[in-house]
Amino acid sequence: MRYLILSDVHGNWDALSAVLRRVRRKRFDAFLVLGDLVGYGAAPNQVVEAVRGLPGPVRLVRGNHDKVVAGLETGENFNATAHAAALWTASHLTAANRRFVRELPAGPMPIDERVAICHGSPLDEDQYLFSALDALEIFTHFHGPQIVFFGHTHLPSRLERGPTGLQVALLSGESGVVRIEPGRRYLLNPGAVGQPRDRDPRAAFMIYDGDAGIVRWYRIPYPVERAQERIRKAGLPKSLADRLALGL
Ligand code: ZN
């Protein structure tokens, strides 16, 4: 099985289209999308339509921004900028795309015998997973497949439990590999396609190759200034444009 794994696109069409141009789309058995298709960025319809039109099975879970944009939650826990962006997005999505976002299922979602996906954590779709303590909680209480792909933090990362304990690492640089070993469990975050927060503005994604037992992560440049221009033209908060160039 070969999967393309995308998370936190956040209405950033310029980043998503760069990723889709970079990979050979026809070579995947499925596309796994870990939530937050929309919110923050100024091209939500293009993003939703591109994901709906991917050439193969698309397995999606919803993110916290998707829920607020769809009207399933009020977003009272959002900061003012995120909330303004969610309201803007709700009023600019077409009816069909809004319905699509509204109907996204909650994670975790099993994909095959070795893989599941979620937005925040497999125990709570809104939980942020950063630390070894977070990983310990999940590995203790979640008895699912060996590999769980998650998003939400916008930080490419690997949380792993093996015979000698827990390991947590940020995945930095242009690309790299996580080798899936028997007897170990993995929580893997591909990072954000559309709003990276590890001070690297490049779009992030992962590819899982089940036969080789390998997950590879990638960072690729995209025309950040085009996404910024869309945000400014849309009248969205200017900080949403500024942060894209900084990877914050
Ligand atoms: Zn997000």
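Among the trypsin sites (Lys or Arg not before Pro) within the stretch 123-190, not one is in coil by DSSP while having at most 12 neighbouring Cβ atoms inside 10 Å. Sites count as exposed loop sites when they are GluC sites (Glu not before Pro), lie in a DSSP loop, and have at most 13 other Cβ atoms within 10 angstrom; the longest stretch of the chain without one is 1-75. The amide H of G107, built 1.01 Å from its N in the peptide plane, has R62, H119 as neighbours under 5 Å, considering only residues 5 or more places off or on other chains. Who wins for biggest fluctuation among D198, D66, D36 in a Gaussian network model of the chain, springs between alpha carbons below 10 Å? Maximum among the listed residues: D198. Largest GNM mean-square fluctuation among H65, H143, H152, using the chain with Cα springs under 10 Å: H143.
Take the solvent-accessible surface of the protein heavy atoms, probe 1.4 Å, and return the percent of it on the stretch 2-246 that carbon and sulfur atoms account for. Of all accessible area on the stretch 2-246, carbon and sulfur atoms account for 49 percent.
In the neighborhood of I231, defined by Cβ-to-Cβ distances under 12 Å, what is the net charge if each Lys or Arg adds +1 and each Asp or Glu adds -1? Before the final figure, lay out the partial values.
Numbers: positive: R226, R230, R232, K233, K238, R243; negative: D14, E225, E229, D242.
Overall, the nearby charge balance is +2.
Which FRET efficiency, nearest 0.05, do R179 and R27 yield, Cβ-Cβ r, R0 25 Å? Using R0 = 25 Å, I get an efficiency of 0.75. For K233, the aspartates and glutamates whose Cα falls under 17 Å of its own Cα, not counting residues fewer than eight places away in the same chain, are D14, E225, D242. In the calculated pair-distance distribution of the stretch 1-70, the portion above 14 angstrom amounts to 54 percent of the Cα-Cα pairs.
Tell me, rounded to the nearest percent, the portion of alpha carbon pairs in the stretch 46-127 spaced more than 16 Å apart. Please list the in-between numbers first.
Values: 1883 of 3321 pairs.
Above the 16 Å cut-off, the stretch 46-127 has 57 percent of its Cα pairs.
Our helix-only sum for the chain, with -39,500 (n - 2.57) per DSSP H run of n ≥ 4 divided by its residues, gives a mean residue ellipticity at 222 nm of -9000 deg cm²/dmol.
At what distance in angstrom do the alpha carbon centres of the stretch 45-76 and the stretch 1-34 lie from each other? The two parts, judged by their Cα centres, are 14 Å apart. Each eigenvalue of the Cα gyration tensor of the chain, multiplied by 5 and square-rooted, gives one semi-axis; in descending order these are 28, 19, 18 Å.
Could you please report the charge total around F205, scoring K, R as +1 and D, E as -1 over all other residues with beta-carbon less than 11 angstrom from its beta-carbon? Write down the numbers at each step before the final one.
On the way: positive: R22, R202, R216, R219; negative: D8.
Once positives and negatives cancel, what remains is +3.
The values are calculated or read from the model by the stated rules, or taken from the named source; none is laboratory data. These numbers come from a predicted model, not from an experiment. FYI the Cβ positions are ideal-geometry reconstructions off the backbone, even for glycines, and counts take in every protein chain you see. Just so you know, the surface numbers come from the protein's heavy atoms only, side chains and all, with ligands and any DNA or RNA stripped out. Shrake-Rupley method; radii C 1.70, N 1.55, O 1.52, S 1.80 Å.
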